[in-house]
Amino acid sequence: MELIVVEGDITQQQVDAVVNAANRHLRDGGGVTGAIFRAAGPALAADARRRYPDGLATGEAGWTTAGNMFADYVIHAVGPVFEGDADRDRPLLAACYANSLRVADELRVSTIAFPLISAGIYGWPRGDAIRTAIRTLRESPTQVAEARLVAFGRDAYDEIAAVLNR
């Protein structure tokens, strides 16, 4: 799998699937989730309620339609809220990426775009989130041809690129 970083809006990525840094209820919210729900329109929310009436556990992933977005699917990965102990919760963060790739393989996705899961309103330290994402994406077996880490802003892009190019 080719792993790249791009700067931009995850809702505008021309890929087969976009990953949502989801809340456990798979409902509209702030940050990445809010942007994806707004871009996708009401079809995403209806599909999420139908498929996952009880939501998903932290670290798990599931999929819905992408509604009005270019992508065919939104893969929802429920990230952990940072509570000060990265060593304890890092396996849950890594599981978000690995389980998203597993779902992507089930859907026969060729290209996928990831945000930095939990690094926004969930408070995960960005440097650790970047290292965890890149390590997990590189180590997880998958049939996906291209995975993009979508950086929101130049600072995030520079940080991801520095780790990716090591």
| field | Label-point separation, Arg49 to Arg166 (7 Å along Cα→Cβ), nm | value | 4.5
| task | Check each of the trypsin sites (Lys or Arg not before Pro) in the stretch 5-79 and keep only those in coil by DSSP with at most 14 other C-beta atoms within 10 angstrom; list them in order. | result | Arg27
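Per residue, how many Å² of accessible area does the stretch 1-134 show with a 1.4 Å probe? Can you show the working numbers first?
Values: 5700 Å² over 134 residues.
Accessible surface, normalised per residue, equals 43 Å².
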| task | Using label points projected 7 Å from each Cα along Cα→Cβ, tell me how many nm separate Arg138 and His25, to one decimal. | result | 3.8
| query | Once a ≥ b ≥ c are taken as the square roots of the eigenvalues of the Cα gyration tensor of the stretch 20-145, is the result rounded (a/c under 1.5), prolate (a/b larger than b/c) or oblate (a/b not larger than b/c)? | reply | oblate
| query | Roughly how many nanometres apart are two label points built 7 Å out from the Cα toward the Cβ at Met1 and Arg88? | reply | 2.9
| Expected 222 nm ellipticity per residue - DSSP helices of 4 or more, -39500 (n - 2.57), all of the chain, to 500 | -13000 deg cm²/dmol
| note | The base-10 log of I(q)/I(0) that the Debye equation returns for the stretch 99-166 at q = 0.14, 0.27 Å⁻¹, one scatterer per C-alpha, is -0.42, -1.26
| task | Please get the size of the charge dipole for the chain, origin at its Cα centre, with Cβ charges of +1 on Lys and Arg and -1 on Asp and Glu, quoted in debye to the nearest 20. | result | 200
| Centroid-to-centroid separation of the stretch 114-166 and the stretch 20-73 [C-alpha atoms, Å] | 20
| query | Ignoring ligands, DNA and RNA, what percent of the 1.4 Å accessible area of the stretch 21-166 is carbon and sulfur? | reply | 49
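The values are calculated or read from the model by the stated rules, or taken from the named source; none is laboratory data. In this text the structure is predicted, and so the values were computed from the model without any measurement. As a convention, Cβ positions derive from the backbone with ideal geometry for all residues, glycine included, and neighbour counts pool all protein chains shown. Heads up: the accessible areas ignore ligands, DNA and RNA and are worked out on the full protein's heavy atoms, side chains in. Shrake-Rupley method; radii C 1.70, N 1.55, O 1.52, S 1.80 Å.
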